[in-house]
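Values quoted throughout were computed directly from the atomic coordinates according to the rules given, and no laboratory measurement underlies them. Predicted model only: the values in this text are computed from it and were never measured. Note that we place each Cβ from the backbone using ideal geometry, even for glycine, and neighbour counts take in every protein chain shown.
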Amino acid sequence: MHYTGTCHCGAVAFAFEAELNELVRCDCSLCAKRNALMATVPKDRFRIARGEQALRLYRWNSGVALHYFCGTCGIYVCHQRRSNPALLSVNACCIGGLDAESLPVRRVDGRSMSTVAGQTKL
Ligand SMILES: [Zn+2]
């Protein structure tokens with residue numbers, strides 16, 4: 001199925017093809033604070049349709065995962081996973097026309113993922 005979405009202000013727009021059978025919640029310190037509800041999308045089926053220059057990058061701890069958010073409205077858009085760089089997690093609440101309540105939510109254990117000693121573990 002074809003999906004499109006935007007951040008809150010509309011500066012960033014994206015599109016992807018995927019069959020969404022579930023959404024994911026993670027309990028790591030970052031996902032917990034941004035209250036992230038995410039769809040899993042293969043990176044090669046996702047594209048930024050508008051506003052790539054508006055995206056800001058946030059990296060923390062190991063620095064492997066790439067967290068993108070809109071520099072204007074601050075909304076988290078997507079991130080490239082640490083566990084599998086070929087997969088993106090996309091903010092389900094930014095996906096147009098998606099009834100997030102209709103999909104089962106799988107909880108993943110991000111809190112116990114290893115963190116790098118000496119780096120900030122927030
Ligand atoms: Zn925005």
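Backbone phi angles across segment 54-67, fed through the Karplus curve with coefficients 6.51, -1.76 and 1.60 (θ = phi - 60°), yield HN-Hα couplings of 7, 6, 10, 10, 10, 10, 9, 6, 5, x, 7, 5, 10, 9 Hz in residue order; Gly and Pro are listed as x.
For Asp99 and Leu66, the FRET efficiency from 1/(1 + (r/R0)^6), where r spans their Cβ atoms and R0 equals 35 Å, is about 0.80.
Between Arg106 and Asp27, residue separation times 0.36 nm minus the direct Cα-Cα distance comes to 27.3 nm. Amide H contacts of Val12 (H built 1.01 Å from N, in plane; Pro and chain starts excluded): Cys7 sit under 5 Å, all sequence-distant by 5 or more or on other chains. Taking every Cα-Cα distance in the chain and sorting them into 10 Å bins from zero, the calculated P(r) comes out as 13, 47, 33, 7, 0 percent. Length available on full extension from Arg82 to Cys9: 0.36 nm per residue minus the Cα-Cα distance, which gives 23.5 nm.
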